[in-house]
1. Of the residues that sit in region 117-150 and are modelled with pLDDT of 85 or more and either farther than 18 Å from Val47 by Cβ or of a type in the set (S, T, N, Q) (or both), which one is surrounded by the most Cβ atoms within 10 Å (Cβ to Cβ)?
2. Return the only residue of Ala170, Ala106 being within 22 Å of Pro11 (Cβ to Cβ), at pLDDT below 95 and either over 15 Å from the mean Cα position of the chain (by Cα) or open to solvent by less than 70 Å² (accessible area, probe 1.4 Å) (or both).
3. With the requirement that a residue be among the basic types (Lys, Arg) and either crowded, with 19+ Cβ neighbours inside 10 Å or not in a helix (DSSP H, G or I) (or both), what does region 20-63 give you?
4. May I ask you to verify whether Val163 is assigned to a helix (DSSP H, G or I), touching a Leu at 6+ places or on another chain (Cβ under 6 Å) and under 28 Å from Leu13 (Cα atoms)?
5. Failed condition for Val127, given (1) within 17 Å of Gly23 (Cα to Cα); (2) without any contact (Cβ under 8 Å) to a residue 60 or more places away in the chain, with all others met?
Amino acid sequence: HLRSCAASDGPTLHAAIDLLANGIRRVQRHQYADAVARFYRLVELLVQWRFTECFASQGLITQTANPTAGIEVKKAADAAPRWFDERRGSISPNSPTLNLGLRDAASVIAEQGDDFGAKVLADLGSVTEPGRLGTLLQRRHHSFLAHGSMPIRGETAMQLQNVVFELARAATASDDLDFEELTAGTVFPCYPGS
């Protein structure tokens, strides 16, 4: 598992599953803000991984470590014209490249017909009517963690854990991988007396 995590400088499913296990351990230790930070990054990482899977051979990706950054505006428009038409007003006309956040990257891969991207978008919901993932991420954005004014509560961390667990399982299914086999490598060994 560790070799698989370190095998690439870009996002991998092994690294995502490792991050999931790390977040779950944080919840178990009642470190809810840390858990939520890891779960948020996990969703980003899963979308970046699917983005790489969708566009690895199309010349859209310029940065392996962050495949959703430094994308040529023209190539993004060609890859996802509906998304680009909706976002055109928020993209600087003088900028030759752009960086895609979570919602934009999920939108681009969903437009390519990627089921995982469509699932993330459905879970995010709209900005005005957030879905279950969107609602939980809004709580994260209003938290001390994000320089807001609210603490992260255990309930929020556990709800987000359930959502990202489901998303991680869906990501493995989209690539015909065995979720249980992937997660088995993330479990720390337990020794008698420890």
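1. Pass one, region 117-150, residues modelled with pLDDT of 85 or more: 117-138.
Applying the additional criterion that residues be either farther than 18 Å from Val47 by Cβ or of a type in the set (S, T, N, Q) (or both) yields 126, 128-129, 135, 138.
Values: Ser126: 10, Thr128: 6, Glu129: 8, Thr135: 17, Gln138: 14.
For region 117-150, the residue satisfying everything is Thr135.
2. Result of the check over Ala170, Ala106: Ala170.
3. Arg26, Arg29, Arg38, Arg50
4. The answer is yes for Val163.
5. That leaves (1) as the condition not met.
The values are calculated or read from the model by the stated rules, or taken from the named source; none is laboratory data. Worth saying up front: this structure is predicted, and the values here are computed from it rather than measured. We place every Cβ from the backbone using ideal geometry, glycine too, and count neighbours over all the protein chains shown. Just so you know, the surface numbers come from the protein's heavy atoms only, side chains and all, with ligands and any DNA or RNA stripped out. Shrake-Rupley method; radii C 1.70, N 1.55, O 1.52, S 1.80 Å.
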